[in-house]
1. Can you sort L115, L24 by solvent-accessible area, 1.4 Å probe, largest first?
2. Tell me the Rg and the Dmax, in Å, that the Cα atoms of segment 1-84 produce.
3. What's the local net charge at H15, with K and R +1, D and E -1, over the other residues with C-beta under 10 Å away?
4. Determine the per residue accessible area of segment 97-167 with all protein chains present and a 1.4 angstrom probe, expressed in square angstrom.
5. Counting just the Cα atoms, what span does the chain cover along each of its three principal axes? Round to the nearest Å and put the largest first.
6. Accessible area, 1.4 Å probe, largest first: how do I113, I78, I131 sort?
7. Rg and Dmax in Å for segment 41-149, alpha carbons only: what are they?
8. Taking springs between alpha-carbon atoms closer than 10 angstrom, which of S21, S95, S143 fluctuates most in the Gaussian network model of the chain?
Amino acid sequence: MTGQFRVPRRIVTGHDADGVSVVLADGPVPVTRELPEDGVAFHEVWATEGAPAPVDPELNDPTLGAVTVPPPPLGTRIRINEFLPDHLDERQLQSPVHRTQTIDYGIVLEGEITLILDKTDVIARAGDIVIQRGTDHAWANRSDRIARVAFVLVDGTFTPELLERLPADIASRLMRHGPRDQPVAAEMGGSDAS
């Protein structure tokens, strides 16, 4: 299925031994996970762990390893998702309905994507930005062209006011793993994403 997806180019800067700014890496993102049955690809671009994010001189690639939906604790994650047309399930969805304890910025780069919430569907087109704030949601490409979306995921925590409105077992309902992976038992207290 890789032929249908376009792996993004990633340019990573840094410093040489004299403190001069240089390009440390320039090429395709090193980690892509395709879900052929869903017509979706996850291209992992970068991630940070902790806040403030450490800026070091070396290229220690944070994308290598397991693909997880949420960013690291107190961290961020940027990925490009591609959604092929004609891959909807019986509910007209292309992703599972999920909730994460994050703020996510979804920037539509190409095509159009439908954001599905509990009682609302919204079509976002190239140039539109979705601010996804810890709600149950799913995604679907209901068009006849590929949709490409850049997602920047920022670890968060639900406020006490929000927790009063959510189900008491919300911690057990959060997505804390990779796309279509089996959930891993975890306690609430940070991290999760789109």
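1. My answer, sorted largest first, is L24, L115.
2. Computed over the Cα atoms of segment 1-84, radius of gyration and Dmax are 14.5, 49 Å.
3. -4
4. Value for segment 97-167: 51 Å² per residue.
5. Here the spans come out as 56, 42, 30 Å, largest first.
6. Of I113, I78, I131, the descending order of accessible area is I131, I78, I113.
7. Every Cα atom of segment 41-149 included, Rg and Dmax give 15.0, 49 Å.
8. Among S21, S95, S143, the largest mean-square fluctuation in the Gaussian network model of the chain belongs to S21.
The values are calculated or read from the model by the stated rules, or taken from the named source; none is laboratory data. Because the structure is a prediction, the values reported are computed rather than measured. Glycine gets a Cβ as well: all are built from the backbone with ideal geometry, and neighbour counts include every protein chain shown. Remember, those area values only see protein heavy atoms, side chains included, never the ligands or the DNA or RNA. Shrake-Rupley method; radii C 1.70, N 1.55, O 1.52, S 1.80 Å.
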